[in-house]
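Here's the structure, in structure tokens; my notes come after.
Computed from the coordinates by the stated procedures, all read-outs in this text should not be read as laboratory data. Computed from a predicted model, the values in this text were never measured in an experiment. Glycine also receives a Cβ, built like all others from the backbone with ideal geometry; neighbour counts cover every protein chain displayed.
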């Protein structure tokens, strides 16, 4: 079995204080993908780098206290990659990848366009560049793409569909891009393959008691190539403890993946 967790931490120091590392150490996960760590290399405490026998692999943003992504694992990878070939976005700390044989596990943090037209334009540029990368990545590899995509796909994935049609994250152009990833590149929304229920969200605004009322958005994903997606057996969104404004997404795959449990 391969257990993968993805979680936007909205600050690794904040999430740690709320028990994130103690929680994930008990989940028996093989890979834990994190986004928005908001921490520079100099501020990464030992407990952030090697918690509970895991080793973290990170890409930090050049801007202090901003973005940043990483992956935790107990299994030494064949390769650690911190770029998808975009000089525009590599400095923002948005992409990290571990490779095991022909399997790629990716942690990604897609830009938000909610601050205005300029950042929305940046988001579209990221989406264009990233689509090309996803196309190339799938050709010879199995892929599990984890992260905060900052886009809801369908009406079932957001509480207030109509009132958000003009807001970043629910714009028609964004949702069409995600449909292209699924329909043209043949990636699979693994959570939706396993769980068709409404009201399954991963992010809630800090306003108007959105979390308590479950007025949320499903913008955190595990998106996979079909070969590994079809082995997914169960999924859950963890809400018992609120580590950040996002909830961790957990998926178990019945997949024979290359690890170095025996050789390392």
Quick check, is residue 181 closer than 24 Å to residue 88 by Cα, touching a helix residue (DSSP H, G or I) at 6+ places or on another chain (Cβ under 9 Å) and outside any loop (DSSP other than H, G, I, E, B)? yes
When (1) within 21 Å of residue 141 (Cβ to Cβ); (2) outside any strand (DSSP E or B); (3) within 19 Å of the chain's Cα centre (by Cα) are applied to residue 223, the one that fails is (2)
Under the condition of being part of a loop (DSSP other than H, G, I, E, B) and without any contact (Cβ under 8 Å) to a residue 40 or more places away in the chain, which residue from segment 160-169 is surrounded by the most Cβ atoms within 10 Å (Cβ to Cβ)? 161
Determine which member of the set 135, 157, 148 is crowded, with 23+ Cβ neighbours inside 10 Å, over 15 Å from the mean Cα position of the chain (by Cα) and under 20 Å from residue 188 (Cβ atoms). 157
Whether any residue in segment 94-113 is in contact with a helix residue (DSSP H, G or I) (Cβ under 9 Å, 6 or more places away or on another chain), in contact (Cβ under 8 Å) with a residue 24 or more places away in the chain and more than 27 Å from residue 229 (Cα to Cα) is what I want to check. yes
Limited to segment 27-86, what total is found for residues that are exposed (fewer than 14 other Cβ atoms within 10 Å of the Cβ) and farther than 29 Å from residue 125 by Cβ? 10
